[in-house]
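Chemist: Following this message is one structure expressed as structure tokens.
The values are calculated or read from the model by the stated rules, or taken from the named source; none is laboratory data. None of these values were measured; they are calculated from a predicted model. Ideal geometry is used to build each Cβ from the backbone, glycine not excepted, and the neighbour counts take in all protein chains shown. Protein only, heavy atoms only, side chains kept; ligands, DNA and RNA dropped before computing areas. Shrake-Rupley method; radii C 1.70, N 1.55, O 1.52, S 1.80 Å.
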Amino acid sequence: MKSILKDRILHGFYPLDGLIPSEPQLEQEFEVSKITVRNAIQELVQEGYLEKGSGKGTRVIRNTSTSKLSKRKSFTEILVEEGHRIRKQLLTATAVRHEPGSEPYWLFGEESRLIERLYYLDDEPYIHYAHYLPMSTGGLEPDGLGEMSLYGLLEEQGIAPVDFRDRFEVAAAPDRVARLLKLEPLAPLLRRSRYSRDPAGDVVEFSVGYYNTAIQQYLVNYEA
């Protein structure tokens, strides 16, 4: 539950300086006990995302993550700072088999786990993501996966990626992806593929994202 609340904050679903839903509302939405809700909120207060006010509700006071290693802001953080809202829709969470010679086959063998999601920017379909994970990765129950951060999921599995390699190119999305993004077949899109490795050098994630940059260009911001 905490991971979902945090992700909603980082993606602008709960805007900066706004109030999150009341504890009874969260209990009802997540179907959990009062103590579970209070513990999740308290942890986010301690991490500096929320502030509790007596009789005034719980307010969002920070909507960006922190990193001890880099000051680089994530793409979604930049969009949220600019006033946009990001929403995720889970499409698939299952095990899949790969064709010999395909990239997932080369990385994971005959099978891997797949999380497929559609990102909306201000309610317009914007990014299609396919995340491939090793079969040893658990926790792929549909509840919460639509909103949960991929790296939050890996963290819950005790997996800590330390090496990220991104590759960018212009490519036409598969027909199904183009339809989900409400685009014409063969429309040129930004395709980003990412490999994440653990400290032992093993690939723990391979993701492919198609971005409709006609809505919003891909941005990277480095702060000195």
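Chemist: Among the residues of segment 120-151, what is the count of those that are within 9 Å of the chain's Cα centre (by Cα) and either at pLDDT 75 or above or charged (D, E, K, R) (or both)?
Modeler: Counting residues in segment 120-151 that are within 9 Å of the chain's Cα centre (by Cα) and either at pLDDT 75 or above or charged (D, E, K, R) (or both) gives 4.
Chemist: Right, something else. Scan Ala172, Ala224 and give me the residue that is among the hydrophobic types (A, V, I, L, M, F, W, C), more than 17 Å from the chain's Cα centre (by Cα), modelled with pLDDT of 90 or more and open to solvent by 20 Å² or more (accessible area, probe 1.4 Å).
Modeler: Checking each option against the conditions leaves just Ala172.
Chemist: As an exercise: evaluate Ala93 against (1) under 29 Å from Leu114 (Cα atoms); (2) small (Gly, Ala, Ser); (3) touching a Leu at 6+ places or on another chain (Cβ under 6 Å); (4) surrounded by fewer than 18 Cβ atoms within 10 Å (Cβ to Cβ) and give the number of the one condition it does not meet.
Modeler: (4)
Chemist: Return a yes/no flag: does segment 46-58 have any residue that is within 20 Å of the chain's Cα centre (by Cα) and charged (D, E, K, R).
Modeler: Scanning segment 46-58 turns up at least one residue that is within 20 Å of the chain's Cα centre (by Cα) and charged (D, E, K, R).
Chemist: Filter segment 203-215 for residues that are in contact (Cβ under 8 Å) with a residue 12 or more places away in the chain and open to solvent by 30 Å² or more (accessible area, probe 1.4 Å) and give the result.
Modeler: Thr213, Ile215
Chemist: Looking at Ala171, is it out of contact with any His (no Cβ under 8 Å at 6 or more places or on another chain), among the hydrophobic types (A, V, I, L, M, F, W, C), outside any loop (DSSP other than H, G, I, E, B) and within 20 Å of Tyr195 (Cβ to Cβ)?
Modeler: So Ala171 fits the description; yes.
Chemist: Of (1) open to solvent by less than 90 Å² (accessible area, probe 1.4 Å); (2) assigned to a loop (DSSP other than H, G, I, E, B), Pro199 satisfies all except one. Which?
Modeler: The number of the failed condition is (1).
Chemist: Moving to a separate point now. Can you tell me which condition Pro161 does not meet? The list is (1) open to solvent by 50 Å² or more (accessible area, probe 1.4 Å); (2) over 20 Å from His128 (Cβ atoms), and all the others hold.
Modeler: (1)
Chemist: Here's a follow-up. Can you pull out every residue in segment 84-122 that is within 21 Å of Pro15 (Cα to Cα) and among the acidic types (Asp, Glu)?
Modeler: Answer for segment 84-122, where residues must be within 21 Å of Pro15 (Cα to Cα) and among the acidic types (Asp, Glu): just Asp122.
Chemist: Taking segment 1-44 only, how many residues are among the β-branched types (Val, Ile, Thr), over 17 Å from Glu77 (Cβ atoms) and open to solvent by less than 40 Å² (accessible area, probe 1.4 Å)?
Modeler: So the answer is 4.
Chemist: Also: If only one of Val177, Val208 is out of contact with any helix residue (DSSP H, G or I) (no Cβ under 9 Å at 6 or more places or on another chain), within 15 Å of Glu116 (Cα to Cα) and modelled with pLDDT of 90 or more, which one is it?
Modeler: Val177
Chemist: Also, I was wondering about something else. Can you find even one residue in segment 122-141 that is part of a strand (DSSP E or B) and open to solvent by 50 Å² or more (accessible area, probe 1.4 Å)?
Modeler: yes
Chemist: Out of curiosity, is Val80 open to solvent by less than 70 Å² (accessible area, probe 1.4 Å), touching an Asp or Glu at 6+ places or on another chain (Cβ under 9 Å) and not small (Gly, Ala, Ser)?
Modeler: Answer is no for this residue.
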